[in-house]
1. Between SER33 and GLU203, what FRET efficiency comes out of the Förster formula 1/(1 + (r/R0)^6) with R0 = 35 Å and r the beta carbon distance, rounded to 0.05?
2. Report the charge-dipole magnitude of the chain in Debye, nearest 20, computed about the Cα centre from +1 at each Lys and Arg Cβ and -1 at each Asp and Glu Cβ.
3. Where a Cα-Cα gap under 27 Å defines reach, which lysines qualify for LYS22, not counting those fewer than 8 residues away within the same chain?
4. Go through SER66, ILE157, VAL324 and say which Cα lies farthest out towards the positive end of the charge dipole of the chain; charges sit on Cβ, +1 for Lys and Arg, -1 for Asp and Glu.
5. Where in the chain are the DSSP H helices whose alpha-carbon span along the long axis reaches 15 Å or more and whose Kyte-Doolittle mean is at least 0.0?
6. Using +1 at the C-beta of Lys and Arg and -1 at the C-beta of Asp and Glu, which of MET45, ILE18, SER33 has the Cα lying farthest in the positive direction of the dipole of segment 6-55?
7. Measuring from centroid to centroid over Cα atoms, what is the spacing of segment 215-291 and segment 103-174 in Å?
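Bear in mind these aren't lab numbers, they're just calculated from the coordinates by the rules spelled out. For clarity, every value in this text was computed on a predicted model and none was experimentally measured. Cβ placement follows ideal geometry from the backbone for every residue including glycine, while neighbour counts extend to all protein chains displayed.
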Amino acid sequence: MPKVTMQDIADAVGTSRITVWKAFNHKTGVSESVRQQILRAAADMGYQKLPAEIFGEVSLQHKTVSLIVSRPETSIFWTNIIHEIAKEFSRHDIDLIYTYVPHIYQEGYTLPATLSNGGVSGCIILNVYDREILELINNLSIPRVFLDTTADTPRFIPHGDLILLEGRETIRILTDYIIRCGHTVLGFIGDIHYARTNFLRYEGFLDAMREHRLAVDPAHCLCTSLGFDSHEEQINAFLNSLDSLPQGFICVSDYTASVTRSCLLQRGLRVPEDIILTGYDGSMEPHNPKFCATVQVNTTALGQRLAMQLLYRIENPHVSKDTVLIESPIIYPIPCPRRTGAEGAA
């Protein structure tokens, strides 16, 4: 195994070789927090030339873990999860660093060296859905915990623990509620090929429709890829393509439902009086619409669970990997308008 160099430490921390040298030799120009990060990385990576007089400043048991994400997340839903992950690791005196990876793999891309050179003890993977990028992460030798994965599982098998937000049964119950309120002509909006959880929510919608012996019109379903920056444009185009609107849409997330509501309001339609919308994740903020139903994900508990799962995996690397379903309650912010007569027969 090649010896660790100051440049390796600099790359792991994201700084320069001269900064590492300054940290080792108590030179000015390096903050104490950066110095401690450098010293910890040096100890964790097994750097052999750490000056004896400062070697005792660093605990060899101190760990650093990475949060691997494919894009910065700014919504309250995701920032709450990340904040709780960081808080939980802090309680255990473990440093958390961010590692950003591309949203789409490009030929020749390799993961940052810090993930493979001993700089981190494990990683949590959020919002990474590119198969090639995931395969690179799968080949790492450190413990891994994935939140969600690609929709084509089991073709992609995570080599680590997998945590999923339960969606199939939850959305079946949610859709059943909408149907029992008399709304029997329903569509679905959401990219079911993006994530496993999205696909499971779509299956829950289909389950409920089958149970009530209701036909699903493919024309009422937008299940194709939705770009991060083109949701509104694509949903508008979809709505424009319809000869007639269904009585409601089961949406894959609150964000998708919010964008759909905006598009419907532009057409002079009222939600929920004229058309029903539901969401998932409970990320509604005060300025966001109130849907007839959504699923309230406890982001505090989810962030803590992700951190604790990685800590368990670091301490028990040879125990069989886990697949965990996190159940979340349905909430009904407003009563679902009821349809009566033949129009509402289910």
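1. According to the calculation, E is roughly 0.15.
2. Roughly 440 debye, rounded to the nearest 20.
3. Reachable lysines: LYS3, LYS49, LYS63.
4. So the residue we want is SER66.
5. On the way: long enough: 32-45 (19 Å, -0.29); 76-91 (22 Å, 0.06); 168-180 (18 Å, -0.11); 196-211 (23 Å, -0.81); 254-265 (16 Å, 0.32); 299-315 (24 Å, 0.15).
Passing helices, by number: 76-91, 254-265, 299-315.
6. Positive-end residue among those listed: ILE18.
7. Using only Cα atoms to place each centre, the spacing works out to 29 Å.
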